[in-house]
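Reviewing the structure listed below.
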Amino acid sequence: MSRLGIAFVALICLILLGPILVVVIVSFSGDAYLAFPPTRLSLQWYERFLSDSRWSSALVNSLETAAMCCVMSTALGFLSGYAFLRGRLAFRTVLMSLMLLPLIVPSIVTAISVYFLSVHLGLIGSRIWLAVTHTVVALPVVLILAQSVLQGVDPVLERAAMVHGCNRWGVLRRVVLPMAAPGIVSAALFAFLASFDEVVISLFVTGVKSQTLPVRIWNSLTLELEPTIAAVSTLLIAVTVLVLLADLGIRRGRDPAK
Amino acid sequence: MPLSARLTWLLLAPALAVLLLVFVLPLGWFLVSSLLELGTWPEITEQVAEVLGSRAMRQSLLATAEIGLATTLLVLLIGYPLAYGMLKAGRGGFRAIIACVLLPYFTSVIVRTYAWMVLLGRTGVINQILQELGITSLPLQLMYNRTAVVVGMTYVLLPYMVLTLFGAMRGVDPRLLQAAAGMGASGPRIFLRVFLPLTLHGVFAGVLLVFILAIGFFITPALMGAPEDMMAGMLIERQVELANNWPVAAIMSIILLVVTLSIYALYSRFADLRKAIVA
Amino acid sequence: MTAGAVALEGVTKRYAGQVVVDNMSIAIAPGEFFTLLGPSGSGKTTTLSMIAGFTVPDAGVVRLGGADMTHAAPRDRALGMVFQNYAIFPHLNVFENVAFPLRARNAPAAMVNPRVAEALAMVRLSGMEKRHARQLSGGQQQRVALARAIAAQPGIVLMDEPLGALDKNLRYHMQTEIKDIQRRLGMTVIFVTHDQEEAMNMSDRIAIMDGGRLVQVGPPREVYERPNSAFAGRFLGEANMIAGVAEGAMLRTPDGVSFTAANARKGPSLLFVRPEKLVLKRDPAPPAPGENSITGVVCRSAFLGNVIRTELLLASSEVLTIDAGNGAGASLLAPGTPATATWAAAESRLLEA
C-alpha cells in the first residue's frame with residue numbers, strides 16, 4: 001500500500017475510534033463543564049451516576065432486561081437455528097427471511113407497532129414485556145450466530161449418537177449442546193449486548209419505572225450534554241469491549257482444537 | 001437423517017410465536033387499524049391521497065432520500081479504501097483496523113451519537129479547539145443541521161459497508177491479480193479492470209444495505225438534525241408522540257416499509273444478510 | 001430355519017426419482033461377517049443406512065433378529081456402528097466415547113466401568129481412557145470407534161468403510177484385528193467397502209453391488225473364481241474376457257478358435273479366466289485334453305514383485321494377461337516373443353456378453 005493509502009486508513013481509524021475515546025476521557029474529567037482535554041481528572045461523574053437513583057435504577061433495569069432477553073433469545077435462537085439446519089422444512093428461505101426481518105425493518109416502525117400493541121395490552125412499563133420486545137431484535141442475531149456454530153457439528157456425530165442409543169433430545173443434550181457450548185455463550189453475550197444497547201423500542205415501551213440506561217441517556221440528551229452521560233456511555237462502551245474480548249477469547253479457545 | 005417435519009416445527013414454534021405475536025401481528029394491527037381510523041374505504045383513499053400530497057410529507061420524503069443517498073455515498077467512499085486497507089494490511093495492521101471497525105459497530109447507537117454531539121456541540125470539543133487555536137472567536141453552529149446528521153450517520157453505518165466490502169474483497173483470488181500483473185498490466189489498471197469489477201457485487205450489496213438502514217434511521221437525525229429537516233423516522237415519531245396522529249404515522253411507515261422491503265428483496269438476490277451482520 | 005440376524009426383503013430406496021437401492025433381498029446369518037462391496041454410487045452405503053435406521057426404505061422390510069424394524073428409530077435397533085471417519089465425539093475423552101452407548105441407554109453406573117474396560121482391552125487401548133480424540137492417531141481413533149461400537153455388546157455391528165482413511169500397512173493389520181474381535185465376540189458384522197482385497201480377507205460372504213442391485217452374493221473364493229457376470233469378474237480382480245459365441249460349454253471366437261468352459265451358455269458370450277490360472281509356454285504344443293490354449297505375441301512383460309505379469313496380444317487384437325509366480329526359473333519375456341497360453345477348461349466360465 002502506498003504511504004498515502006496508509007495515512008488515509010490511519011486517519012479513518014482515528015475518526016472511528018476518536019469519538020469513543022473522547023467520551024471515555026471526558027467521563028473522567030474533574031471540570032465542572034465539558035472541557036476537552038480535561039484540566040484535571042476525577043471520578044465525580046461516576047459518583048454522581050451511582051448516587052443518582054434515577055441513573056442507578058436505570059442500570060438495574062438495563063441489567064435485568066438484558067439478562068431476561070439474553071436467556072429468551074439464546075434459547076429460542078438456538079432451537080430455531082437447529083431446526084433450520086437439520087429440519088425438513090417447507091418454505092425454508094421465506095421463513096429465514098422472515099426471521100431476519102427485524103434487522104431490516106426500520107426500528108422506529110417496529111417500535112411504534114410494539115408500542116401500539118403494548119398500550120392496548122396495558123404492558124407499558126413491564127420489564128418482562130420489555131425483554132420480550134428486545135428478543136424480537138436479539139433473536140435474529142442469535143439465529144445467525146447459532147447457525148454458523150451448529151454448522152460446525154458434523155451430522156455424522158449426530159448419527160453416531162443416534163445409533164448408539166440417543167433419541168433426538170439425547171443427541172441435542174449429549175452431543176450438539178456440549179459441542180456448541182462456546183458458541184452459545186458467545187451468542188448469549190451478543191444477545192445481552194443487543195438488549196443492553198437497545199434504544200428505540202425501549203423509548204416507547206418503558207414506563208418511568210422501567211427506564212433503561214439508553215433511554216435515560218436519550219432523555220438527558222434532549223435537555224443538556226451533562227458529563228454524567230459520558231460516564232454512563234463509558235460504562236456501555238466497557239460492556240461492549242468486554243463482550244468483544246470474551247468472544248475473541250472463546251474463538252481462540254475453540255479454533256486450535258480444529 | 002433430517003428432523004421430522006413435526007419436530008422441526010416444534011423447535012421453530014417458540015421463536016416464530018415471538019416473532020409473529022410481538023413483531024408481525026402488532027405491525028399489521030398498527031397499520032390496518034390506524035388507516036381504518038380514517039373512516040370508510042373512499043374516505044381512506046381520499047385522505048391518504050391528501051396526506052401524500054401534503055408539503056410536510058413530501059419534504060420529509062425528500063429529506064430522507066437526500067440524507068440516505070448522501071450518507072450511502074460517503075460511507076462507500078470511505079469504506080472502500082478502508083476495506084482495501086484491511087485486505088492489504090499485515091496481520092497486526094488487520095487486527096488494529098478490525099478493532100477500530102468492530103468497537104463502534106457494537107457500541108450502542110445512542111452512545112455513538114452522543115460521542116459526535118460531544119465533538120460537534122456549541123461547547124463541544126471541536127469548537128473549543130478552534131477557539132483555543134484562535135481560528136474562530138465565537139462557537140460555530142456545527143450541530144442541528146444536515147451535515148451533522150450525515151456525519152453522524154456515516155459514522156454509525158460505516159462498519160456495515162466495510163464488513164460487506166471486505167467479505168467481497170477477500171473472495172477475490174489473488175492469483176488473478178498476479179496473472180494480470182504477469183501480463184504487464186499496471187497497478188491502477190489491475191485495480192480498475194480486475195479488482196474493482198470482481199468486488200462490484202460487494203459494492204452493490206453494501207450500498208443497498210446501508211441505504212436501507214439509513215432511510216430508516218431515527219436516533220441520530222432526531223438528536224443531531226435540524227427540527228425542520230425531518231427524516232421519515234422522525235416524522236413517524238412526532239405524529240405519534242406529539243400530534244397523536246396515527247394514520248399519518250401509518251402511511252409514512254407503509255412507504256418506508258415498501259421501499260425497505262423492495263430494496264431488501266433486491267439485496268437478497270445476490271447477498272446474504274447473515275454474512276453482513278456478523279463479522 | 002433360524003430367523004437370521006439381519007434380513008432385507010425387497011428393499012427399495014429412491015432419491016429424487018432415482019432408484020438408489022433396487023428391490024434388494026439378503027439374509028445374513030447370526031455371527032456372519034458380511035460385506036457389501038461395490039463402486040461408489042452402487043447403493044451399498046444407502047443399504048447400510050437403511051439397516052441402521054438413518055434412512056427409511058420406500059418399499060420392503062428390514063428385519064433385525066426376525067422382527068420388522070423397517071420404521072424403528074436407530075436407537076431401538078440395538079446396533080453398534082463404526083463410521084467412515086470414525087465420528088469420535090471431540091468433546092469427550094476416550095473413556096466417555098466408549099461409555100457413550102451405555103450412558104445414552106442409562107445403563108447402571110456399576111455396569112459402565114467394567115464394560116468400557118472390557119471394550120478398551122479388546123481393542124488394546126487400556127490406559128488411554130483420559131486422552132482426547134485430537135490427541136489420538138488415526139489408528140487409535142479407529143480403535144476407539146470400534147470399542148464404542150462393541151461397548152454395549154450389540155449382536156450386530158455395522159461398519160461403513162471404517163479403514164478407508166488408514167495407510168496400507170495399518171489397514172491390513174486392523175483387518176485382522178477386527179476379524180479376530182468379531183470371531184471372539186461371535187457378533188454379526190455388516191461391512192461396507194470398495195476394496196476387494198479387504199472384502200476377501202475378512203468376509204464370510206461378499207455381496208457385490210452395482211447400480212443399486214445385488215450382482216452376486218457368496219463366499220469370497222466362490223465369487224472370485226466363479227463370477228456370475230462380467231462386472232463381478234472384473235470388480236474382484238484382474239480378469240481376462242474373450243468374446244465369442246457359446247454353444248453348450250464351447251465358445252467359438254470370430255477367428256474360429258474354440259475354448260471349453262466349466263459351464264454352458266448359448267449365444268454371444270465372454271470366456272472368463274483369471275490371469276494366474278494361465279500358464280505361458282514358448283513352444284506351441286497341442287493342448288492336453290480338458291485344456292484350452294491360444295497362441296499370441298508377447299507385447300509387455302513386467303515384474304510386479306510377487307508376480308510376473310505378461311500381456312499376450314492375440315490375433316483377434318484382444319490382450320490376455322498372464323500372472324506367474326516369481327519362483328526359481330521365472331523370467332521376463334522380450335516383447336515380440338511368440339508364446340502360447342494354456343489353462344484348464346474347469347478354470348474358465350462363460351458369462352453374458
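The rows are residues; the columns are (1) over 16 Å from the mean Cα position of the chain (by Cα); (2) at pLDDT below 90; (3) away from chain A (no Cβ under 11 Å).
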{"residue": "B:ALA181", "(1), (2), (3)": "yes, yes, yes"}
{"residue": "B:SER186", "(1), (2), (3)": "yes, yes, yes"}
{"residue": "B:THR199", "(1), (2), (3)": "yes, no, yes"}
{"residue": "B:LEU208", "(1), (2), (3)": "no, no, no"}
{"residue": "B:ALA214", "(1), (2), (3)": "no, no, no"}
{"residue": "B:ILE236", "(1), (2), (3)": "yes, no, no"}
{"residue": "B:VAL240", "(1), (2), (3)": "yes, no, no"}
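Looking at the structure I just gave you, is B:PHE217 within 29 Å of B:THR154 (Cβ to Cβ), in contact (Cβ under 8 Å) with a residue 60 or more places away in the chain and assigned to a loop (DSSP other than H, G, I, E, B)? So B:PHE217 passes the test. What pairs come up if the first residue lies in the range A:77-105 and is more than 7 Å from chain B (Cβ to nearest Cβ) and more than 30 Å from B:ILE215 (Cα to Cα), the second is crowded, with 19+ Cβ neighbours inside 10 Å and hydrophobic (A, V, I, L, M, F, W, C), and their beta carbons are under 6 Å apart, counting only those six or more places apart or on different chains? Close Cβ pairs satisfying both conditions: A:PHE78/A:ALA146; A:LEU85/A:LEU150. May I ask you to verify whether B:LEU35 is aliphatic (A, V, I, L, M) and touching a residue at least 40 places away in the same chain (Cβ under 8 Å)? Criteria met by B:LEU35. When residues of the range B:82-111 are filtered for being of a type outside the set (A, V, I, L, M, F, W, C), within 7 Å of another protein chain (Cβ to nearest Cβ) and surrounded by 17 or more Cβ atoms within 10 Å (Cβ to Cβ), how many remain? Looking only at that region, the number is 4. Taking the condition of a type outside the set (Gly, Ala, Ser), part of a helix (DSSP H, G or I), away from every other protein chain (no Cβ under 14 Å) and within 30 Å of B:VAL194 (Cα to Cα), does B:THR71 pass? Against the criterion (of a type outside the set (Gly, Ala, Ser), part of a helix (DSSP H, G or I), away from every other protein chain (no Cβ under 14 Å) and within 30 Å of B:VAL194 (Cα to Cα)), B:THR71 qualifies.
If the condition is being farther than 17 Å from A:LEU85 by Cβ and touching a residue at least 24 places away in the same chain (Cβ under 8 Å), then the range A:155-185 contributes A:PRO182, A:VAL185. Of all positions in the range A:186-200, at least one carries a residue that is farther than 30 Å from B:MET224 by Cβ and in contact with a Leu (Cβ under 8 Å, 6 or more places away or on another chain). Of all residues in the range C:216-242, those that are free of Cβ contacts under 8 Å to residues at least 40 places away in the same chain and surrounded by fewer than 19 Cβ atoms within 10 Å (Cβ to Cβ) have Cβ atoms under 9 Å from Cβ atoms of residues that are of a type outside the set (Val, Ile, Thr) and assigned to a helix (DSSP H, G or I), 6 or more apart or on another chain, in C:ARG221/C:MET200.
Selection of first residues in the range B:250-263 that are more than 19 Å from B:ALA205 (Cα to Cα) and of second residues that are surrounded by fewer than 20 Cβ atoms within 10 Å (Cβ to Cβ) and among the small types (Gly, Ala, Ser), restricted to Cβ pairs under 9 Å at least 6 apart or on distinct chains, gives the following pairs, ordered by first then second residue: B:ALA250/B:SER33. Across the range A:6-50, the number of residues qualifying as within 25 Å of the chain's Cα centre (by Cα), in contact (Cβ under 8 Å) with a residue 40 or more places away in the chain and at the interface with another protein chain (Cβ under 9 Å from one of its Cβ atoms) comes to 3.
Per-residue answers, yes or no, for (1) more than 22 Å from A:CYS13 (Cα to Cα); (2) touching a Pro at 6+ places or on another chain (Cβ under 9 Å); (3) more than 12 Å from every other protein chain (Cβ to nearest Cβ):
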{"position": "B:ARG122", "(1), (2), (3)": "yes, yes, no"}
{"position": "B:GLY134", "(1), (2), (3)": "yes, no, yes"}
{"position": "B:LEU138", "(1), (2), (3)": "yes, no, yes"}
{"position": "B:THR147", "(1), (2), (3)": "no, no, yes"}
{"position": "B:VAL150", "(1), (2), (3)": "no, no, yes"}
{"position": "B:TYR160", "(1), (2), (3)": "no, no, no"}
{"position": "B:GLY167", "(1), (2), (3)": "no, no, yes"}
{"position": "B:PHE191", "(1), (2), (3)": "yes, no, no"}
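Based on this model, can you work out whether C:GLY267 counts as small (Gly, Ala, Ser), out of contact with any strand residue (DSSP E or B) (no Cβ under 6 Å at 6 or more places or on another chain), in a strand (DSSP E or B) and modelled with pLDDT of 90 or more? Judged against the criteria, C:GLY267 is a match.
Quick grid of which residues meet (1) among the charged types (D, E, K, R); (2) surrounded by fewer than 20 Cβ atoms within 10 Å (Cβ to Cβ):
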residue: B:ASP229; (1), (2): yes, yes
residue: B:GLY233; (1), (2): no, no
residue: B:ILE236; (1), (2): no, no
residue: B:GLU241; (1), (2): yes, yes
residue: B:ILE251; (1), (2): no, no
residue: B:LEU257; (1), (2): no, yes
residue: B:THR260; (1), (2): no, no
residue: B:ILE263; (1), (2): no, yes
residue: B:ARG269; (1), (2): yes, yes
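Kindly indicate which of B:LEU11, B:LEU35, B:LEU21 is assigned to a helix (DSSP H, G or I) and at the interface with chain A (Cβ under 8 Å from one of its Cβ atoms). Every option except B:LEU11 fails the conditions. Given the structure, is B:THR40 over 30 Å from A:ASP154 (Cβ atoms) and surrounded by fewer than 18 Cβ atoms within 10 Å (Cβ to Cβ)? Yes, satisfied.
Among the residues of the range B:219-234, which ones are more than 9 Å from chain A (Cβ to nearest Cβ), closer than 18 Å to A:TRP218 by Cβ and not aliphatic (A, V, I, L, M)?
B:THR220, B:PRO221, B:GLY225, B:PRO227
Residues in the range C:243-276 that are surrounded by fewer than 17 Cβ atoms within 10 Å (Cβ to Cβ) and under 23 Å from C:ARG309 (Cβ atoms): C:ALA243 alone. Every test in (1) more than 7 Å from chain B (Cβ to nearest Cβ); (2) in contact (Cβ under 8 Å) with a residue 24 or more places away in the chain; (3) under 30 Å from B:LEU235 (Cβ atoms) is passed by A:ILE108 save one, and that test is (1). Of the residues C:ARG148, C:ARG115, C:ARG134, the single one that is assigned to a helix (DSSP H, G or I), touching a Leu at 6+ places or on another chain (Cβ under 7 Å) and more than 22 Å from C:LYS44 (Cα to Cα) is C:ARG115.
From the list C:MET187, C:MET174, C:MET111, which one is at pLDDT 90 or above, more than 25 Å from A:TRP169 (Cα to Cα), of a type in the set (A, V, I, L, M) and out of contact with any strand residue (DSSP E or B) (no Cβ under 9 Å at 6 or more places or on another chain)? Matching residue, one of C:MET187, C:MET174, C:MET111: C:MET174. Of the residues making up the range C:157-171, those that are at pLDDT below 95 and of a type in the set (A, V, I, L, M, F, W, C) are C:LEU163, C:ALA165, C:LEU166, C:LEU170. Every test in (1) more than 25 Å from the chain's Cα centre (by Cα); (2) modelled with pLDDT of 95 or more is passed by A:VAL132 save one, and that test is (1).
Restricting the range A:177-200 to residues that are at the interface with another protein chain (Cβ under 10 Å from one of its Cβ atoms) and of a type in the set (Val, Ile, Thr) leaves a set whose member that is farthest from the chain's Cα centre (by Cα) is A:VAL200.
Here is a yes/no grid of residues against (1) more than 9 Å from chain A (Cβ to nearest Cβ); (2) closer than 29 Å to C:GLY138 by Cα; (3) free of Cβ contacts under 8 Å to residues at least 60 places away in the same chain:
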| site | (1), (2), (3) |
| --- | --- |
| C:ALA52 | no, yes, no |
| C:VAL56 | yes, no, yes |
| C:GLY65 | yes, no, no |
| C:ASP68 | yes, no, yes |
| C:HIS71 | yes, no, yes |
| C:ASN85 | no, yes, no |
| C:GLU96 | yes, yes, yes |
| C:LEU102 | no, yes, yes |
| C:PRO114 | yes, yes, yes |
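The values are calculated or read from the model by the stated rules, or taken from the named source; none is laboratory data. Predicted model, so just to flag it, every value in this text is computed and none were measured. Every residue, glycine as well, gets a Cβ built from its backbone with ideal geometry; the counts of neighbours run over all protein chains shown.
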